[in-house]
Each structure stands twice: as structure tokens, then as C-alpha cells.
Amino acid sequence: MQNRHLALVLLTLALGACGGDGSGSQPAIAPRTEPDAPAVSASSAAVPTTAAAPAASSPATVRTDDLEAELRAVDEELSAGQESVNRANDTSPDRADD
Amino acid sequence: MIRTPVRLAALALTAGLSLAMAAPAGAQTTTTAPPARLDQLKAKSDEQIKERTEQIRKLDSAVAGARADCGHNADLRSQLAADKTGLEALNADIQAETVPAEAVALHEQIFTHFRIYWLETPKTRVVLGCDRVTVGAGTLAELEAKIQARADEAKAAGKDVAAAQAALDTMITEIASATTAANQADDAVIVLKADKGDRAVLDANKAALTAARQKLRAAMADLEDARTAARTAVDALKSA
């Protein structure tokens with residue numbers, strides 16, 4: 001692990017010497033703080049326990065956001081229904097004589 | 001009525017064959033092979049029947065793929081299957097016919113005995129329209145139940161939900177009205193049969209189709225009213 005860390009530091013210094021950003025004085029790539037640090041699990045990345053999760057709805061108001069989504073779904077169904085009814089009301093026959 | 005070149009040709013053939021049949025006996029020639037015009041009639045009949053069986057296939061496919069059923073989808077598919085079988089049998093009869101006048105009479109049945117375009121196509125569209133109204137009514141009914149539950153919760157919490165409840169009651173009424181109208185349209189067209197050349201039946205069928213279309217339009221208007229009431233109910237809950 002120490003060898004890997006040393007290699008990374010050398011690589012960082014080498015890149016900095018190349019002047020990746022044109023300045024020649026700052027490394028182009030910021031060094032990692034800890035390359036072998038364990039990955040943060042999804043569970044441990046959850047909302048901090050000290051911060052209260054937002055309430056689903058305020059006690060003072062009736063929650064309707066899900067109903068708004070339902071209304072949009074209804075609009076889609078009614079649009080398709082209107083199209084079908086329009087087709088049924090199309091009196092121009094596919095054939096003119098039977 | 002606008003007649004297509006195909007029908008005009010058929011009429012011309014009919015007239016020609018009729019004239020031939022009416023010609024003095026002494027003027028007729030005795031031949032063993034059918035006249036060329038009979039062959040043409042058979043070819044045209046085969047083409048027209050195949051067009052109609054393809055239309056039947058499309059209609060049946062649409063009914064098979066319907067997301068809902070007002071109650072007559074199976075019956076309609078049976079009717080379409082019978083039309084297909086009947087047309088194929090008629091085609092066999094026409095192809096086997098050797099008497100020109102008989103062939104002409106059979107050829108006319110392609111239209112009068114099946115009415116694939118004048119009757120079965122609009123009938124199927126009305127049935128599918130009813131099916132679609134049923135889907136929309138179901139979706140609205142689910143929404144109504146959810147809004148009602150939310151209104152009940154709000155009422156239990158001491159809120160005034162009178163406006164929301166009135167809108168919900170309207171939703172229920174409109175959904176029921178739409179369902180009734182659409183089912184009436186469905187019921188009215190499923191019983192229609194091909195007129196077989198009877199003008200009175202043909203006119204009655206057209207009138208029934210027109211009335212069914214009006215019912216479907218009314219059903220959609222009811223669903224739109226139910227949707228408007230849903231909006232009103234949700235807005236009323238927001239301000240409750």
C-alpha cells in the first residue's frame with residue numbers, strides 16, 4: 001500500500017511538472033486524499049441521522065402531489081379514448097360502395 | 001353514391017351478361033368454355049373477397065388487442081370469423097359457377113351479404129370505442145377512489161371538504177353516465193346484420209350506427225366532465 005501511495009505521489013508530481021494547466025506551478029490533477037479508502041456503502045451514505053427527513057405532507061395541508069400524477073395519467077387515457085371515438089365517428093367509409 | 005371503377009365494371013359486366021341472356025335464342029352460340037367475361041368476373045370476385053378478408057383480419061386483430069371489453073368483443077370476433085368463412089365459401093361458389101347470370105348474382109353477395117366496409121368496419125370501431133371508454137372510466141374510477149380516501153382523511157382531521165365531496169359526487173355520476181352510454185352504443189351495433197340487399201335494413205343499420213356514434217361522443221363528453229370534476233376536487237382539497 002505504501003508503494004502504491006508513493007507511486008501516486010510521484011505520478012502527481014510528474015504531471016504537475018509538465019504544467020498540465022499551463023501554469024507549470026500547480027499539479028494538473030489534484031491528489032487523492034486516500035486511494036485505498038474503503039468505498040462508501042449506499043446505506044452509510046444515507047441522509048444523516050441528525051437531519052430530519054422531510055415530511056410526506058404537512059399536517060396543515062392535504063397531500064395531493066400523487067393525485068396530480070394520477071390526473072396526468074387520466075389525461076393520457078382520455079386522449080387515447082377520444083382518438084378511438086373520433087375514429088368510430090369517421091363517417092368517410094374506407095370503401096364508397098359497400 | 002360514388003361508385004368505384006371496380007363496381008362500375010361489375011355493373012357493366014352485369015349489364016352485358018344480362019343483355020346476353022336476353023338475346024334471341026337464335027343469336028346465341030353454343031360454347032363449352034365459359035365466356036371470357038365470366039373469367040374476368042371470377043378474377044375480380046377473388047380480388048374483392050381477398051381485400052375484405054384482409055380487412056376482417058385487421059378488424060379482428062384490433063378487437064383481440066383491445067385493453068377492455070364492453071361485453072361483446074367475443075361475439076364480434078365470432079361474427080368476423082363467420083364473415084371470413086362465408087366470403088371464402090362464396091368465393092368457392094363463384095369460382096365453380098358456369099352460368100354467367102348465377103355468377104353475377106353471387107358476385108353481388110360479396111357486398112350485400114357481408115357489408116364489410118359499410119357495416120362490419122364501423123361496427124367494430126364502435127365496439128372498440130366502447131372498450132376505450134371503459135378503460136378511461138376505470139382509470140377515472142380509481143382516481144375518484146383515491147381522492148375520496150384523501151377527502152375522508154381530511155374530513156377526519158377536521159377540514160371542510162364539502163366542495164371536494166360535491167366534485168367527487170359529480171365524478172361518480174359522470175363516470176356512470178359514460179359507461180351507460182358507451183354500453184348502449186355497443187349493444188346497439190353488435191346485433192346489426194348485413195342487409196342482403198334489403199334497402200330498409202340497410203337504412204336501419206346506418207341509422208343505428210349514427211345513433212351509436214352519438215352515444216360514444218356523449219360518453220367521451222361525460223368522461224371529460226368527470227375529469228374536470230376530479231380537477232375541482234383536488235383543488236378543493238388543496239385549499240381545504
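The table below lists the values:
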quantity	calculated
Listed peptides B:66-78, B:170-182, B:48-60 by packing density, highest first (mean Cβ within 10 Å)	B:170-182, B:48-60, B:66-78
Exercise: per-residue mean of other protein chain Cβ atoms within 10 Å, B:125-135	5
Radius of gyration and maximum dimension Dmax of region B:119-221, Cα, Å	19.1, 69
Cα-based radius of gyration of chain B once divided by 2.2 N^0.38 Å, which approximates compact folds	1.52
Cβ-based exposure ranking for B:E108, A:E77, in which fewest neighbours within 10 Å come first	B:E108, A:E77
For residues of B:206-216, the mean tally of beta carbons on other chains within 10 Å	2
Taking B:V191, B:V99, B:V161 and counting other C-beta atoms within 10 Å, the order from fewest to most	B:V191, B:V99, B:V161
Loop-located trypsin sites (Lys or Arg not before Pro) in region B:128-225 whose Cβ has at most 15 other Cβ within 10 Å (DSSP)	B:K193, B:K196
Translational D in µm²/s for region B:64-161 (Stokes-Einstein at 25 °C, 0.890 mPa s, Kirkwood Rh from C-alpha pairs)	141 µm²/s
Using alpha-carbon coordinates, inclination of helix B:5-22 to the longest axis of chain B, degrees	40 degrees
Set of lysines near B:K123 by C-alpha distance (under 28 Å), chain-local residues within fewer than 8 positions excluded	B:K44, B:K50, B:K58, B:K84, B:K193, B:K196, B:K206, B:K215
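Laboratory data are not the source of any read-out in this text; all were calculated from the coordinates shown. Just so we're clear, the structure is a prediction, and the values are computed from it rather than from any experiment. Note that each Cβ is placed from the backbone with ideal geometry, even for glycine, and that neighbours are counted across all protein chains shown.
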